[in-house]
Each structure stands twice: as C-alpha cells, then as structure tokens.
1. Report every pair of residues separated by at least 6 positions or lying on different chains whose Cβ atoms are under 8 Å apart, first residue within region 142-170 and within 30 Å of ALA188 (Cβ to Cβ) and touching a residue at least 40 places away in the same chain (Cβ under 8 Å), second among the hydroxyl-bearing types (Ser, Thr, Tyr) and buried (at least 16 other Cβ atoms within 10 Å of the Cβ).
2. When only residues in region 104-127 that are over 14 Å from GLU157 (Cα atoms) and either charged (D, E, K, R) or open to solvent by less than 20 Å² (accessible area, probe 1.4 Å) (or both) count, which is farthest from the chain's Cα centre (by Cα)?
3. Quick check on my filter: what residues within region 133-158 are over 23 Å from ALA194 (Cα atoms) and assigned to a strand (DSSP E or B)?
Amino acid sequence: QAGLKFQSNQFGADVTGYYAVADNNPQTETLVNLPNSPSQNFNLSYISYGVNFDVAWQPIRAFRIEASGEIGRSTITGISGITLSGDENGNQNERVPDVTFRIKPTFFFRGGHAFISANYYGQRYGDLANTERLGTYTNLQAGIAYNLTSWMTIDVEGDNLTNALAFTEGNPHNLSDLNAGSTGLVYARAIEGANAKASLTIRF
C-alpha cells in the first residue's frame, strides 16, 4: 500500500493505493444446478488492486461536503483442482464491486445539522463463474439532528428513500458459492426498502 494525506483549514484528503496477491485459498462450491448437488473443492488465487479515498471540503462553517469510495479490481488468477461451475481466470471475484462511492453534503444550522447521502455500489457477482449478477444500485439517505436542549438531541433519518430493489449477496444460507454456473433461480439477500427511524439521545 502507498498513500497520501493532506489537510488544511477547509480541505482534507486521504488517498491510498493498494496491490495484493492472495494464493491458494481453499474454496468449496455446491453445484445445486447439477443432479444430486455435488460439491467440489479447489484452491483459488487472485489479484486485487485499486485506490480508496476519503475527501472532505468545508468552505464555510455552515456547509461541508464529503466524498469517499474505492475504485479497483479483484480478479481470479489461478484455479487449482476440479471445477465444473464455469469459474475462469480473469473473472471478477465474488461479491466484490469494482466501484463504490459515497457523497454526503451536510448543512449546519443553529442547534443541529441536516445531511443527504448518496451511496453507489457497482456490479457484483454472487459466484466465481460470474453468472449470478447482483447488479448495481444507489442508496439515498437523508437525516436531521436537532438539539432540543443542551442535554437532549433528536435524530430522524430516512434510508433507501427511492425504494431501490437491490441485493447485497447471494445465497446467505450456504457458505459455498450460490448456484455456480447456472441461470436458474437462487436465494439472495435484499436491502431493506424505504424506511425511517427516529431516536432521542439524553446526556447526563
């Protein structure tokens, strides 16, 4: 890894580049798309590289904008053992998006603050064969916090305000890859729909 940090009165940035090699990681797949759902064991090697960043700018006391994320690639480089699922060198590693990004403007006012946050998640796959597309999605959030007194604060936040339908992973009930190499139906875990929560914090 190699990185750079910078901070001034109004601006701060933390940028880190990385390159990693992982060799001979044991893997197990249950091929539920084949008769009797056979299992197969093999070793997996992959390379990951990219850059992650965290940037904040506050030009005036009442406003700050933050951006953070990661741009990279995690790729299969070596499969040793028997695999019938379509896993191939060059495929994207499972459940790891190439791009994630968040931007969050915050507005400060007397007694509290309000924010909006947009969180983007790039294309991911639930299996090493890259047949189970989990898709891209953006999660929009917003919230406000207000100090009712010097010792009491109320917070109201909304999550997934656009009611996006998205999946964070595949087949959460199985430790192996989900239905690798098939185009059939599979289990998945969806993000929660549009929702809101409120909380009251008392300090004493």
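1. Cβ pairs passing all conditions: ALA166/TYR121; ALA166/TYR137.
2. Top of the filtered list is ARG110.
3. ASN147, LEU148, THR149, MET152, THR153
The values are calculated or read from the model by the stated rules, or taken from the named source; none is laboratory data. The shown structure was predicted, so the numbers you read here are calculated from the model rather than taken from an experiment. Virtual Cβ from ideal backbone geometry, glycine too; neighbours counted across all protein chains shown. Quick note on the areas: whole protein, heavy atoms, side chains included, nothing else; ligands and nucleic acids left out. Shrake-Rupley method; radii C 1.70, N 1.55, O 1.52, S 1.80 Å.
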